[in-house]
1. Say the dipole of the chain comes from +1 at the beta carbon of Lys and Arg and -1 at that of Asp and Glu; which of Ser64, Phe97, Asn47 then lies farthest toward its positive end?
2. List the lysines whose alpha-carbon lies under 26 Å from that of Lys6, not counting same-chain residues fewer than 8 positions away?
3. I want to verify a result. In a Gaussian network model of the chain, Cα cutoff 10 Å, which of these has the top mean-square fluctuation: Ala63, Ala140, Ala83?
4. Under a cut-off of 19 Å between alpha-carbon atoms, report the lysines in cross-link reach of Lys107, not counting same-chain residues fewer than 8 places apart.
5. Separation between the Asp110 and Asp150 pseudo-spin-labels, each 7 Å from Cα along Cα→Cβ, expressed in nm?
6. With charges set only on the Cβ (+1 for Lys and Arg, -1 for Asp and Glu), what does the dipole of the chain come to about its Cα centre, in debye to the nearest 20?
7. Could you order the peptides 28-35, 124-131 from most to least packed, using the average number of other C-beta atoms within 10 Å per residue?
8. Would the stretch 89-140 count as rounded, prolate or oblate if I go by the C-alpha gyration tensor, calling it rounded below 1.5 in a/c and otherwise prolate when a/b exceeds b/c, oblate otherwise?
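Quick note: the coordinates plus some simple rules give every number you see, no bench work behind them. If you're wondering where the values come from, they're calculated on a predicted model, not measured in any experiment. Neighbour counts are summed over all protein chains in view; Cβ atoms, including those assigned to glycine, are modelled from backbone coordinates with ideal geometry.
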Amino acid sequence: MSQDGKQITVHNGLQVKPDYSFSDAPVYDIVVVPGGPLKALKLVESNEEIITWIENYKDKIVASVCTGAFFLAQAGILNGKKATTNRLALNLLERSFPKVEVIRGVKYVDEGNVITSAGISAGIQMALHVVSKLFDEETAKRTAHTIELD
C-alpha cells in the first residue's frame, strides 16, 4: 500500500507496486510500520496524511520495525508507553518524543496492542511474538522452524 496507490521507491532503490492506496485499502487487523534511514524520516514525519492514517489504527494491533517507531510516536500512539527502535536512533526518539519511555537493550517492547522492535532482525523476533500472541507458542515455534530461525 502507498499513500496514493502508485509505485514507490524504497531504501536502496527497491521498487514496490502496491495493491492499495489509503483511500481504497481494506481495514486491517494488524498494521506493521517499517522504518528506514534516519534522513528519510523527516520527509515522511511531516506528511500529515500518513500520520493520520496510522493514528486511525490506534485501537488495532500496531507494530513498528526499526525507525518505524517514529511514525507511531508522531501519531501519538506511543504517548505514555514504553517503546524501542534501532539502537542508532534511541537517543533521537527519546529527545524528540518525551512522552515515550524509550527502552534500550531489548529486541522488542510489547505494550498490548502496540509493539515496537529494534533493528530489522529484531523485527523477525517481534513478528514471531505476534504470532504467539494471536495463536500460541507452538505456532510461533513452528513458524520459526519453517523460516530456519533458531
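1. Selected residue: Phe97.
2. Reachable lysines: Lys17, Lys39, Lys42, Lys58, Lys60.
3. In the Gaussian network model the winner is Ala140.
4. Lys81, Lys82, Lys133, Lys141
5. 2.3
6. On the way: 16 positive and 18 negative charges, 109 e Å.
In total the dipole reaches around 520 debye.
7. On the way: 28-35: 16.6, 124-131: 18.5.
Put in order of decreasing packing, that is 124-131, 28-35.
8. Taking the square roots of the gyration eigenvalues as a ≥ b ≥ c, the stretch 89-140 is prolate.
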